[in-house]
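Taking it in order: structure first as structure tokens, then the write-up.
The values are calculated or read from the model by the stated rules, or taken from the named source; none is laboratory data. Model, not experiment: these values are computed from the prediction. Every residue, glycine as well, gets a Cβ built from its backbone with ideal geometry; the counts of neighbours run over all protein chains shown.
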Amino acid sequence: MAKDAKVESKNETSIADKAETLVEPASPVCEEVRNGIWRTRIKGRARKLSHTTQFVIAATVILGLTMFSVGKLVSERIESAAVQSAAEAGAHYMEAFLEPYVQEMSRDNSLSTASVQSLDRLMESRALNQHIVSIKIWRADGTVVYSTNKAITNRKFPINEITEALKGKVVTDLEELSEDENEFERNLNVPLYEIYAPLRDFSTRKVIAVGEFYEKADRLEREINRVRQQVWEVVGAATLAMLTLLFFIVRRGEKIIQRQQVALHLRLQEQTRLHISNAELQRKMATATQEFSRVNELNLRRIGADLHDGPAQLLTLILIWLDELTENGSAVDQEALEIIRGAATDALREVRELSRGLALPEINDLSLEEDLHLVAQRHEQRTGTRVTLNLGPLPEATPLPLKLCLYRFVQETLNNAFRHANGEGQVIQAQYIDHVLNISVRDSGPGMAADAMQLDTSGRTRLGLAGLRYRVESLGGLFSIDSQTSGTSVNAQFKL
């Protein structure tokens, strides 16, 4: 049990030591870190405030301190001027009463008993003691030769308070009466201000004594407080008016800045979007140009193959028959002539078909609407099918490259409609709305297979569609195919 008590005692001592360690004052480093954290938090919160709020806070502090200093300075000047003015008026008033009694001091440097009694009677006057509660007359050496408080008469005090008055100046003081010679006035427990006035010799105008009197300051203090209140009201109103005006000016400026920032942000977003769109368009144009060149090469190969397999073979057949007739040397066989004439006719027809498809249409002077009518008319004449035109409003002036693109677009899609849909339900639709030109060619055939819409160049039909796609995209347009079992629609869109 004793051992347990000792262990327990040791544990309590250890815990107490730890507690003392925990409550030790923070080190200067920790205090500096804590102050830094608080400063960081305050700065972070200040950054979250709007510019108007930050300005109002700063302007309130700066302008408040400035106007407080101005108000305090003006109040002190007014108080000093009011006290000085009252003191000078009181000094002139008291000089008229006291100077006749101190003339003898120019000779004896003291007051006679008669003069002291006259001054006592003067202080008992009701007209005077309503305002003046105490009078002292000082000699130049600091001796009080007369006082309402008889206890300090003929006592000598420091002359620092009467030094300026001995030089001929009127001195006033509205502060607490803390000097030894002011014990009587302090016991009156009324607000007083003391005035030191020089008393002069009538003949020489030399200062021969100093008159000190204490006047009740309650009226003066009320007047000073009233003027001080007016000053602070004016200063406060001016400060509030300036803060309000500055607040509205800064808030208006901040709103303008915010609107400009929003507009600038939107412009930057639009510029970024246009940059991305332009980059994508340039990429598409470059791809379309490269693919279009490849498609043109494939077209030339296709045309070469068509010429080789069609007219060239027919012409070869004609030459063989001519050689055979020449070698036999016999009379011209009517049947051979018919074969030769038929082959020549077929060759001519195929050459004309190829030439008609390659020939550049005369569309320089035609409008877009006339261009579409022309391509539909030629298709109808060549195939004997019907083409319906549903044309909305179209631009009056269209660049020649765009008209050529649209002509070839409609020509190729109508050829595909005739080839794969037998020319059923051929319709050309075109309209120009909000600076966007939409044109489509559709038919009512069985539609296209899914693999045929991949637009690769492995077949004849796909070669034509791929060429249309790259031709449209090379001019910045959008190409699309919509094919269902009820028909196929090939679409192109251009933003002009």
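In the set (1) more than 30 Å from residue 194 (Cα to Cα); (2) surrounded by 15 or more Cβ atoms within 10 Å (Cβ to Cβ); (3) at pLDDT 80 or above, residue 259 fails one condition alone, (2). Of all the criteria given as (1) at pLDDT below 85; (2) over 19 Å from residue 382 (Cβ atoms); (3) surrounded by 17 or more Cβ atoms within 10 Å (Cβ to Cβ), the one not satisfied by residue 464 is (2). Taking the criterion of being at pLDDT 75 or above, loosely packed, with under 12 Cβ neighbours inside 10 Å and either in contact with a strand residue (DSSP E or B) (Cβ under 8 Å, 6 or more places away or on another chain) or among the polar types (S, T, N, Q) (or both), the residues of the range 169-209 that qualify are 203, 204, 206. Within the range 96-105, the set of residues being in a helix (DSSP H, G or I) and not hydrophobic (A, V, I, L, M, F, W, C) comprises 99, 100, 101. Applying the set (1) β-branched (Val, Ile, Thr); (2) over 28 Å from residue 296 (Cβ atoms); (3) within 53 Å of the chain's Cα centre (by Cα) to residue 398 leaves exactly one unmet item: (2). Screening the candidates 250, 210, 231 for the property of being closer than 30 Å to residue 92 by Cα and in contact with a Phe, Trp or Tyr (Cβ under 6 Å, 6 or more places away or on another chain) yields one hit, 210.
Filter the range 375-389 down to the residues that are under 19 Å from residue 445 (Cα atoms) and outside any loop (DSSP other than H, G, I, E, B), then identify the one that is farthest from the chain's Cα centre (by Cα).
383
Scanning the range 213-250 for residues that are assigned to a strand (DSSP E or B) and in contact with an Asp or Glu (Cβ under 6 Å, 6 or more places away or on another chain) yields a total of 1.
Within the range 224-280, the set of residues being over 30 Å from residue 50 (Cβ atoms) and out of contact with any helix residue (DSSP H, G or I) (no Cβ under 9 Å at 6 or more places or on another chain) comprises 225, 226, 229, 230, 233, 274, 275, 276, 277, 278, 279, 280.
Yes/no matrix, rows are residues, columns are (1) modelled with pLDDT of 65 or more; (2) under 44 Å from the mean Cα position of the chain (by Cα); (3) in the same structural domain as residue 212 (by TED's automatic domain parsing):
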{"residue": "25", "(1), (2), (3)": "no, no, no"}
{"residue": "31", "(1), (2), (3)": "yes, yes, no"}
{"residue": "54", "(1), (2), (3)": "yes, yes, no"}
{"residue": "81", "(1), (2), (3)": "yes, no, yes"}
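Residue 246 is checked against (1) modelled with pLDDT of 85 or more; (2) surrounded by 12 or more Cβ atoms within 10 Å (Cβ to Cβ); (3) not assigned by TED's automatic domain parsing to the domain that holds residue 167 and fails just one. What number does that condition carry? Failing condition for residue 246: (1). The C-beta contact set for the range 381-403 (first residue outside the structural domain of residue 472 (by TED's automatic domain parsing) and within 22 Å of residue 492 (Cβ to Cβ), second residue modelled with pLDDT of 90 or more and assigned to a strand (DSSP E or B), distance under 9 angstrom, 6+ apart or interchain) is empty. Out of 440, 444, 480, I need the residue that is out of contact with any Leu (no Cβ under 9 Å at 6 or more places or on another chain), modelled with pLDDT of 85 or more and more than 22 Å from residue 284 (Cβ to Cβ). Which one? Sole residue among the options that is out of contact with any Leu (no Cβ under 9 Å at 6 or more places or on another chain), modelled with pLDDT of 85 or more and more than 22 Å from residue 284 (Cβ to Cβ): 444.
For the range 394-406, the condition of being of a type outside the set (A, V, I, L, M), assigned to a loop (DSSP other than H, G, I, E, B), modelled with pLDDT of 85 or more and touching a strand residue (DSSP E or B) at 6+ places or on another chain (Cβ under 8 Å) holds for at least one residue.
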